[in-house]
1. When you go through (1) touching a residue at least 60 places away in the same chain (Cβ under 8 Å); (2) under 26 Å from Asn85 (Cβ atoms); (3) of a type in the set (Phe, Trp, Tyr) one by one for Tyr174, which number turns out not to apply?
2. With the requirement that a residue be open to solvent by 10 Å² or more (accessible area, probe 1.4 Å) and assigned to a strand (DSSP E or B), what does region 84-96 give you?
3. Please state which of the following conditions Asp57 fails to meet, knowing it meets all the rest: (1) over 14 Å from the mean Cα position of the chain (by Cα); (2) of a type in the set (Asp, Glu); (3) crowded, with 23+ Cβ neighbours inside 10 Å.
4. Need the failing condition index for Lys140 against (1) surrounded by fewer than 18 Cβ atoms within 10 Å (Cβ to Cβ); (2) within 23 Å of Tyr67 (Cα to Cα); (3) among the basic types (Lys, Arg), just the number.
5. Pick from region 44-58 the residues that are in contact (Cβ under 8 Å) with a residue 24 or more places away in the chain and in a loop (DSSP other than H, G, I, E, B): which of them is nearest to Thr73 (Cα to Cα)?
6. For the list (1) within 24 Å of Asp61 (Cα to Cα); (2) out of contact with any Phe, Trp or Tyr (no Cβ under 8 Å at 6 or more places or on another chain); (3) of a type outside the set (Gly, Ala, Ser), I need the number of the one condition that Lys170 fails.
7. Only one of these conditions is not met by Leu179: (1) touching a residue at least 12 places away in the same chain (Cβ under 8 Å); (2) surrounded by fewer than 20 Cβ atoms within 10 Å (Cβ to Cβ). Which number is it?
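The values are calculated or read from the model by the stated rules, or taken from the named source; none is laboratory data. Just so it is clear, the model here is predicted, and its values are computed rather than measured. All Cβ positions, glycine included, derive from the backbone under ideal geometry; neighbour counts span all protein chains shown. Ligands, DNA and RNA are excluded from the accessible area calculation, which covers all protein heavy atoms including side chains. Shrake-Rupley method; radii C 1.70, N 1.55, O 1.52, S 1.80 Å.
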Amino acid sequence: MKLRSLLLLSTFVLIALACQAVTSGTTQGGSPAAENVLFKDDFSDPSSGWDRVSVSDGVTDYVDGVYRIFVNTSNTDVWANPGLNFDDVRIEVQATKVGGDDNNDFGIICRYQDNANFYFFVISSDGYYGVGKFVQGEQKLIGSESMPPSEKINTGNATNHLRADCVGNKLRLYVNDELLTEVEDSDFTSGDVGLLAGSFDQPGTDIHFDDFVVLKP
């Protein structure tokens with residue numbers, strides 16, 4: 001796995017939609033013992049505030065009770081945000097690869113400032129992982145030169161439970177309840193959350209996300 005140069009899917013449209021505040025997603029108090037839940041979404045309500053974009057380069061939209069990110073061009077990252085703001089959080093989601101090459105990446109975004117500044121936590125369907133950031137549009141991994149492999153990742157057309165902790169300057173990535181890495185960075189202290197999927201040489205990355213939750217750490 002290698003990092004790629006950034007190509008945005010319909011940047012203007014994504015930003016315009018992401019700026020909408022979410023009021024229809026289930027927030028703290030919406031379920032029993034929810035004092036630690038800051039926001040959650042099972043994507044059953046297509047009006048809960050996430051981006052809904054369909055262009056030739058790809059798709060970010062609700063479909064059949066999940067949230068789909070489809071990448072229809074090579075060497076491209078596509079992401080979506082609900083339009084919220086948090087500082088220290090723990091984010092969890094179920095992510096399932098349903099199409100495309102295993103040489104991909106997908107995962108969680110935290111402390112999203114704008115389309116050129118945020119943290120990302122990703123795995124790939126061929127078993128690699130990484131934590132990184134965009135700073136002024138420049139993409140780089142944190143704590144490593146490349147994405148290392150892990151046998152804890154379910155490969156191929158499989159489901160993985162992802163967790164990202166953004167607490168102070170500590171950034172942790174878990175997969176299937178196993179800690180993969182912890183790194184430190186202090187560029188961003190708060191911002192939006194989100195989901196991301198990307199392709200490398202082959203287009204067609206198709207990831208379905210479900211049971212997204214943001215918790216107090």
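1. Every listed condition holds for Tyr174 apart from (1).
2. Passing the criteria: Phe86, Arg90, Glu92, Gln94, Thr96.
3. With respect to (1) over 14 Å from the mean Cα position of the chain (by Cα); (2) of a type in the set (Asp, Glu); (3) crowded, with 23+ Cβ neighbours inside 10 Å, Asp57 is out only on (3).
4. (2)
5. The selected residue is Asp57.
6. Of everything listed in (1) within 24 Å of Asp61 (Cα to Cα); (2) out of contact with any Phe, Trp or Tyr (no Cβ under 8 Å at 6 or more places or on another chain); (3) of a type outside the set (Gly, Ala, Ser), Lys170 misses just condition (1).
7. Checking Leu179 against (1) touching a residue at least 12 places away in the same chain (Cβ under 8 Å); (2) surrounded by fewer than 20 Cβ atoms within 10 Å (Cβ to Cβ), the one that fails is (1).
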